[in-house]
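**Q** Below you'll find the structure I mean.
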Amino acid sequence: DMIIGLLGILKAGGAYVPLDPAYPAPRLTFMMQDAQIKILLTQTDLLPNISAPETPTVCLDGDRAAIDQESAEPLEVLTDPANLAYIIYTSGSTGQPKGVMIAHQALVQYVMAAIDHFAITPDDRVLQFASLSFDTAAEEIYPCLLHGAALVLRADNLPDSIETFLDRCAAEGITVLDLPTAYWHSLMAELESISISFPPSLRLVILGGEAALPERLTTWQAKAPAHIRLVNTYGPTETTIVATRCDLTGVAAPESAAKVPIGQPIANTRVYVLDPCGRLVPVGVPGELYIGGAGLARGYLNRPALTAAAFVPDPFGQAGQRLYKTGDKVRYLPDGNLEFLGRVDQQVKIRGFRVELGEVEAVLRQYPAVREAVAIAQLDLTDHYRLVAYIVADETQISGLRDFLRERLPEYMVPSVIMPLEALPLSPNGKIDRRVLPTPEGVQRDLGAEFVPPETALEIQVAKIWSTILHVQQVGILDNFFDLGGDSLLATQVMNQVNRAFQVRLSVRSLIEQPTVADLALLIENTLIEELETATA
């Protein structure tokens, strides 16, 4: 139904705005109002997720009979290349998400480049891994459908255990995987400890979303089949999915570079590395990356000032051409590839998701008991960045803070750790000094959770797995996995170990639905009993 909805919108000449049903209702309401949604396409079971009483709604399942009565004649083509194709909302520094406007010509130019770069053919079977709320989904859907390949939809948007995921890919005959770099990191971590069989059909793995780690590339080169091509990609939503790519097939991990290269510009794309004065910098010298070309977005919906600040005149191009000021710090390597070095502002990537720290801080300060708040991205012991929030508040009145945040922010924007301080550290000029914020020594039960130690052998083993992966010394049977700093990727690691330790095959959804040690241990026990009864019967 999702694919039918997309094609219907585009054929009718409209632009689509993805609304993730997992997002909090206030965020969805804001996006609908900001985008001035004229029609809501959905499914019957998703109607309770959003309140839009005045918006005409079409349920692609519930209204099927009425839809079938419509004409099947092809529609007149009303779309101009400059018309909008979609609007993707990304995190915004002001406390609300901002809509990035992508035109048909920008989408088409990237789709054609992707077909060429990734050698897509009608023999391919491409897995649709990404949520429609992120532009990577367009990279999976349109090159595939435009060139006769088969698009394989995931039955569940949750990442499964690595072994189960690869088994399913093998069963579906997947030839192309487009993975978030963070998920690939988890896959490589599993490769280091156990032997994993890649689908025999797999020929290409595409990475994107955040910087790839050299040590993970070393693991790939040592253990992945040599015939599987590996491509690292980079690109902000504002430049339509991907702006640069680097083919890593057979390339040894860099010994001195901080990150794996992000490569060189794709077709119809221009890149410049500039200093703060807008001058080109030499090879090896860090600067800010500016991107131009056919993939540039129109700008930010309803944000003319923000658009003017981010999309600037191109001093090296023809009159009227623009460059997108990415905020990413890069440098040219001697071989002509770009290396990503970090950010020049407070935007971060958490598991491949783009997060403006200002938006997280703004929502934290909306909580009545919080007087001051600051958020940072911190590298944990598993090589993943996590969000850590520091607040100045009355500790006796913040027991509902996490629930408050979950009602207003997507899951990936809720801090893994919330650390109360008596005061935020200040620099001599009176600004918050993020460099001297204390590093949390594990996850504190600072929100009033009761500690109940594990008792049964099963509870003790589950708690030990959690403790090892989350780097938490004490795990109680009533602790919520996600309140201890867990996320969907760490949940994948937990369930990999649980399945191997107890010889069961439980999905990541099991942990989401049973997020405490007590509940998960009970599920494992019941599963083992059912399997034993089935075997004896």
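The values are calculated or read from the model by the stated rules, or taken from the named source; none is laboratory data. Keep in mind that what you see is a predicted model, and the values were worked out from it rather than measured. Positions of Cβ are backbone-derived with ideal geometry, glycine not excepted, and every protein chain shown enters the neighbour counts. All accessible areas refer to the heavy atoms of the entire protein, side chains included, with ligands and DNA or RNA removed. Shrake-Rupley method; radii C 1.70, N 1.55, O 1.52, S 1.80 Å.
**Q** Report the far tail of the P(r) of the range 52-113, meaning the percent of Cα-Cα pairs longer than 14 Å.
**A** Value for the range 52-113 (Cα pairs over 14 Å): 75 percent.
**Q** Over the chain, what is the mean sequence separation of C-alpha contacts under 8 Å (at least six apart), divided by residue count, expressed as relative contact order in percent?
**A** 11
**Q** Please give the length that would be gained between residue 52 and residue 70 if that part of the chain were fully extended, namely 0.36 nm times their separation in residues minus their C-alpha to C-alpha distance (nm, one decimal). List each step's numbers first, then the result.
**A** On the way: separation 18, 0.36 × 18 = 6.48 nm, distance 2.48 nm.
Between residue 52 and residue 70, full extension yields 4.0 nm more.
**Q** Return one quarter of the surface area of the convex hull spanned by the alpha-carbon atoms of the chain, equal to its mean projected area, in nm².
**A** Orientation-averaged projected area of the Cα hull: 28.6 nm².
**Q** Continuing with the same structure: Once amide H atoms are placed 1.01 Å from N in the peptide plane, what residues at a sequence separation of 5 or more from residue 271, or on another chain, have their amide H within under 5 Å of its amide H?
**A** Distant-sequence amide H within range of residue 271: 292.
**Q** May I pose another question? Share of the chain's accessible area from carbon and sulfur, percent, 1.4 Å? Don't skip to the end; give the middle numbers.
**A** Values: 13250 of 24640 Å².
On the chain, the fraction of accessible area on carbon and sulfur atoms equals 54 percent.
**Q** For the range 166-171, what does the Karplus curve 6.51 cos²θ - 1.76 cosθ + 1.60, with θ = phi - 60°, yield as ³J(HN,Hα) per residue in whole Hz, taken in order and with x for Gly and Pro?
**A** 5, 4, 5, 4, 5, 4
**Q** Mean residue ellipticity at 222 nm from the helices of the chain, using -39,500 (n - 2.57) per DSSP H segment of n ≥ 4 over the full residue count, to the nearest 500 deg cm²/dmol?
**A** Helices in the chain give a 222 nm mean residue ellipticity of -9000 deg cm²/dmol.
**Q** Dipole of the range 337-419 (Lys/Arg Cβ +1, Asp/Glu Cβ -1, origin at the Cα centre): which of 414, 341, 352 lies farthest to the positive side?
**A** Going by the Cα projections, it comes out as 352.
**Q** Separate question: Kindly state, to the nearest 0.05, the FRET efficiency for residue 439 paired with residue 82, given R0 = 41 Å and r defined as their beta-carbon distance.
**A** The computed FRET efficiency comes out at 0.25.
**Q** Taking square-rooted eigenvalues a ≥ b ≥ c of the alpha carbon gyration tensor, is the range 226-372 rounded, prolate or oblate, where a/c under 1.5 means rounded and, failing that, a/b exceeding b/c means prolate?
**A** Oblate is the answer for the range 226-372, as a/c is 1.5 or above yet b/c matches or exceeds a/b.
**Q** Please compute the length gained on full extension between residue 421 and residue 116, using 0.36 nm multiplied by the number of residues separating them and subtracting their Cα-Cα distance. All intermediate terms of the calculation are to be shown ahead of the outcome.
**A** Numbers: separation 305, 0.36 × 305 = 109.80 nm, distance 5.32 nm.
Going from the current span to full extension adds 104.5 nm.
**Q** Send over the Kirkwood Rh of the range 11-92, from the inverse of the averaged 1/r over different Cα pairs, rounded to one decimal Å.
**A** Evaluated over the range 11-92, this radius sits at 14.5 Å.
**Q** How big is the charge dipole of the range 207-296 about its Cα centre, in debye rounded to the nearest 20, if each Lys and Arg gets +1 on its Cβ and each Asp and Glu gets -1 on its Cβ?
**A** 220
**Q** Calculate the spin-label point distance for residue 201 paired with residue 12, positioning each point 7 Å from the Cα along the beta-carbon direction, and give it in nanometres.
**A** According to this spin-label approximation, the distance is 3.3 nm.
**Q** Given 503, 25, 260, which one lies farthest toward the positive end of the charge dipole of the chain, if we put +1 on the Cβ of every Lys and Arg and -1 on the Cβ of every Asp and Glu?
**A** It is 260, whose Cα lies furthest towards the positive end.
**Q** At 7 Å along Cα-to-Cβ for each site, give me the label-to-label distance between residue 3 and residue 155 in nm.
**A** Roughly 1.7 nm, to one decimal.
**Q** Also, I was wondering about something else. Past 21 Å, Cα to Cα, is the threshold; run 325/349; 259/329; 223/329; 38/98; 259/349 against it and keep the listed order.
**A** Listed pairs above 21 Å: 223/329.
**Q** Turning to a different aspect of this structure: 7 Å from Cα along Cα→Cβ at both residue 227 and residue 94: what's the point-to-point distance in nm?
**A** It is 5.4 nm.
**Q** Okay, moving on. Given 0.36 nm per residue, what is the gain on full extension from residue 369 to residue 215 after removing their alpha carbon distance, in nm?
**A** Numbers: separation 154, 0.36 × 154 = 55.44 nm, distance 4.29 nm.
Fully extending the segment from residue 369 to residue 215 adds 51.1 nm.
**Q** Determine the per residue accessible area of the chain with all protein chains present and a 1.4 angstrom probe, expressed in square angstrom. List each step's numbers first, then the result.
**A** Values: 24640 Å² over 537 residues.
Accessible surface, normalised per residue, equals 46 Å².
**Q** With +1 on each Lys and Arg Cβ and -1 on each Asp and Glu Cβ, and nothing else charged, work out how big the dipole of the chain is about its Cα centre, in Debye to the nearest 20.
**A** On the way: 40 positive and 65 negative charges, 369 e Å.
So the dipole magnitude of the chain works out to roughly 1780 debye.
**Q** Another question about this same structure. If packing is taken as the average count of other Cβ atoms within 10 Å, what order do 288-300, 30-42 fall into, highest mean first?
**A** Put in order of decreasing packing, that is 288-300, 30-42.
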